[in-house]
Every structure is written in C-alpha cells, then in structure tokens.
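A quick write-up on the structure given underneath.
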Amino acid sequence: MDIRTLQYFLAVAREESISGAAEFLHMTQPPLSRQLKELEAELGKQLFIRGNRKITLTEDGMILRKRAEEIVALMEKTKAEINASAENITGDIYIGCAETEGMRMLAKIISKIRQEYDHIHFHIFSGQAEDVSERLDSGLLDFGLFIEPADLKKYDFIKLPITDIWGLWMTKASPLAENKTVKPRDLLGLPLIISNQAMVKNEIAGWMGGNYDNLNIVATYNLLYNASLMVEEGVGYALSIDRIIKSYDDSPLCFRPLEPTLEVGLDIVWKKYQTFSKASEKFLEYLKKEYI
C-alpha cells in the first residue's frame with residue numbers, strides 16, 4: 001500500500017464509480033480497477049460493494065477512508081513544510097478548537113501575524129476535545145484549544161487568561177428564564193440536551209453532587225449551534241458554556257448561569273518535543289509574548 005494507491009482509493013470513494021474516478025485521475029479504468037483489487041487482496045478485506053449504478057464502501061472501506069484521508073493530508077502537510085522558503089516565513093498552521101469565546105484570543109494573534117507575514121495561512125478545525133486530540137497526536141494539527149477539564153499529560157500548553165462559565169440555554173418563554181441562575185434541583189425533570197464528551201459529563205456530575213443519573217437527557221450534541229436550534233423548537237434545554245451563541249434582543253433564546261458557578265479554564269496545547277515549521281514557531285512565539 002502506498003500513497004498513490006490510497007489516492008486512487010479515495011477518488012473512487014468520492015466519485016462512487018470507477019469511470020468517474022478514472023476521469024478525475026486522468027487514467028483508464030483497467031489499471032485503476034486492478035489497483036483496487038490488489039489493495040483489497042493486500043488487506044484481505046472487501047472495501048467496495050459494486051452496484052449497477054454506483055460503488056459504495058463496506059464498513060472496512062469506511063475505516064480505510066478515514067485513515068487514508070488522514071495519511072494523505074499529513075503527507076501534503078509535510079511536503080508543504082519541507083518546501084517552505086528558508087528565507088521568508090511562509091506556510092500553513094493547523095489549529096483545532098473547541099467552541100468557545102476564547103477562540104477570539106487566538107484570532108487576535110492570527111490577525112497580528114497576518115499583518116506582518118501575509119504568506120502564513122491558517123486552517124481551523126472545530127471539534128470536541130477527543131477529535132482535536134486525535135488529530136494533534138497524528139500530526140494533522142499543530143495546536144489545539146482545549147476547554148478544561150482536559151488530559152494534558154501528552155502536551156505542552158499555555159493557560160489562557162480567560163474562563164468560560166457553564167449554564168443553561170432556554171427559550172425566553174421558559175419559566176426558568178425568570179430566574180437569574182440555575183441550581184441543581186432546577187434541572188431535575190427537565191428535558192436536557194448535553195455535550196456527549198465524557199469529561200463534560202463528569203464535570204456536570206460533580207456539580208450536581210452525584211444526581212447526574214437522575215437527569216432526563218433527551219439528546220446530546222458535539223457542537224452547540226444545532227443544539228440551539230433544538231432548544232428553539234422546544235426539544236429541551238441545552239447545557240453549555242456561555243458566549244458561544246449570541247443572545248440578541250430579538251433572539252428567542254437566553255442563557256442562565258449555573259449556581260454554584262461552574263467556571264472552566266482554557267488551554268492552548270501542542271505535542272511535547274514537537275518539531276515545528278517556521279510558521280508554527282512564529283505563532284508560538286507570538287502566543288508566548290502575549291500570554292506568558
């Protein structure tokens with residue numbers, strides 16, 4: 001298995017046909033079909049279900065697609081770093097971020113760098129801590145922005161001078177909207193929409209004082225925007241940190257903080273002993289200058 005074979009495989013998975021992939025790759029169908037059969041033989045697994053009109057991936061094919069995308073992306077990232085100019089600071093920086101207002105602090109750093117180094121480009125991946133951590137460990141990301149609590153044993157990090165506060169998103173017509181805060185007993189019996197991250201569940205369980213199993217959880221989310229739409233449509237109340245969704249005067253939603261206050265810190269992290277590109281080194285230099 002080599003990079004070119006993986007690129008062939010991804011083209012077929014994307015185009016859902018041998019002919020479409022061959023056209024995209026500027027090659028004929030027979031050698032492409034042969035490469036795919038050899039790949040299946042090498043792995044000892046069927047990767048495709050060949051239908052009359054299109055090709056679909058088997059479960060093993062979907063696993064390979066995810067890993068192949070990561071491998072090819074890492075190869076392209078590595079080539080770009082090696083080919084970057086030694087004289088001028090250029091290149092790409094990949095940052096994984098949780099949903100948080102703390103991203104604004106990184107955005108300010110990015111803006112300053114872009115004013116001085118307009119050949120540095122940034123790529124932002126938004127996701128949960130588990131997704132960001134996996135991409136950091138595989139080398140697809142240079143930095144990650146984590147909301148505490150987070151497992152930082154594998155990383156070097158800078159603690160940002162900002163915190164987020166947990167609370168409950170609800171419609172303004174909700175009876176709870178009349179309160180200034182939300183207490184543990186207020187959650188009992190409510191239809192709740194919560195993050196599906198394990199560490200978040202543990203944090204809320206601690207705040208609840210052990211009553212987490214008594215909560216009526218009707219849905220989970222990984223990014224808040226879709227959860228906010230469910231709140232608007234009356235599905236339930238969303239537990240989240242503050243300032244992610246903007247609550248304007250004409251917004252149907254409002255946010256009420258938890259009481260006692262549940263406050264969490266933010267960390268910008270990178271792998272220990274990581275070899276940085278010149279662009280990433282410059283980003284880290286700006287971070288340390290600003291926040292250490």
Region 153-215 versus region 248-289: alpha-carbon centroid distance in Å: 18
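From the protein chains alone at 1.4 Å, what is the descending order of accessible area for Arg256, Arg4, largest first? Let's see the in-between values first.
Values: Arg256 55, Arg4 150 Å².
These residues rank, largest area first, as Arg4, Arg256.
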Degrees between helix 103-116 axis and first principal axis of the chain (Cα, 0 to 90, nearest 10): 50
Cleavage-rule hits (GluC sites (Glu not before Pro)) in region 52-105: DSSP loop, at most 11 neighbouring Cβ within 10 angstrom: Glu87
Per principal axis, descending, Cα span of region 39-121 in whole Å: 54, 35, 24
Accessible solvent surface per residue of the chain, calculated while the other protein chains remain in place, 1.4 angstrom probe, Å²: 55
Three-way shape label, region 190-231, alpha-carbon gyration tensor, a/c 1.5: oblate
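Within region 167-239, what percent of beta bridges assigned by DSSP are antiparallel, to the nearest 5?
Numbers: 2 of 9 bridges.
So the antiparallel bridges in region 167-239 amount to around 20 percent.
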Max mean-square fluctuation residue, GNM over the chain, Cα-Cα springs under 10 Å, options Arg185, Arg53, Arg104: Arg53
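Once you sort the root eigenvalues of the Cα gyration tensor of region 31-182 as a ≥ b ≥ c, which label holds: rounded (a/c under 1.5), prolate (a/b larger than b/c) or oblate (the other case)? Mind dumping the intermediate values first?
Numbers: a/c = 2.62, a/b = 1.38, b/c = 1.90.
Oblate is the answer for region 31-182, as a/c is 1.5 or above yet b/c matches or exceeds a/b.
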Degrees between helix 3-15 axis and first principal axis of the chain (Cα, 0 to 90, nearest 10): 70
Rule-of-thumb Rg ratio for the chain [Cα; 2.2 N^0.38 Å; N residues]: 1.23
Reduced Cα scattering model of region 1-92, Debye log10 I(q)/I(0), q = 0.13 Å⁻¹: -0.49
Accessible carbon and sulfur surface of the chain relative to its total accessible area, %, 1.4 Å: 50
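Using alpha-carbon pairs under 8 Å, 6+ residues apart, how would you state the relative contact order of region 18-76 in percent? Before the final figure, lay out each step's value.
Working: 30 pairs, mean separation 11.2, N = 59.
With pairs under 8 Å counted, the relative contact order is 19 percent.
Subtracting the Cα-Cα distance from 0.36 nm times the residue separation, let me have the gained length for Asn83 to Glu130 in nm, one decimal. Provide the component values of the computation, followed by the final result.
Details: separation 47, 0.36 × 47 = 16.92 nm, distance 3.08 nm.
Result for the pair: 13.8 nm of gain on full extension.
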Bins of 10 Å, starting at 0 and running to the largest distance - Cα pair percent for region 123-282: 10, 37, 31, 17, 6, 0
Nearest 10 degrees, 0 to 90: helix 29-43 Cα axis against the chain principal axis: 60
Fraction of antiparallel bridges per DSSP, the chain only, in percent to nearest 5: 60
Whole-number percent relative contact order across region 100-215, with pairs defined as alpha carbons under 8 Å at least 6 apart: 22
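Classify region 122-211 as rounded, prolate or oblate from the Cα gyration tensor: take a ≥ b ≥ c as the square roots of its eigenvalues, call it rounded if a/c is under 1.5, otherwise prolate when a/b beats b/c and oblate if not.
Numbers: a/c = 2.46, a/b = 2.14, b/c = 1.15.
Prolate.
Would you calculate the volume per residue, in Å³, of the smallest convex hull containing every Cα atom of region 80-135? Intermediate results must be reported in sequence, preceding the final value.
Numbers: hull volume 4.3 nm³, N = 56.
Output value, Cα hull per residue: 77 Å³.
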Heavy-atom accessible area order for Ser138, Ser228, largest first, 1.4 Å probe: Ser138, Ser228
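Nearest-5 percent of antiparallel DSSP beta bridges in region 24-152? Can you show the working numbers first?
On the way: 3 of 13 bridges.
Counting only bridges with both partners in region 24-152, antiparallel ones make up about 25 percent.
The values are calculated or read from the model by the stated rules, or taken from the named source; none is laboratory data. Owing to the predicted nature of the structure, the values given are computational and were not obtained by experimental measurement. In this analysis, Cβ positions are derived from the backbone assuming ideal geometry, glycine residues included, and neighbour counts consider all displayed protein chains. Ligands, DNA and RNA are excluded from the accessible area calculation, which covers all protein heavy atoms including side chains. Shrake-Rupley method; radii C 1.70, N 1.55, O 1.52, S 1.80 Å.
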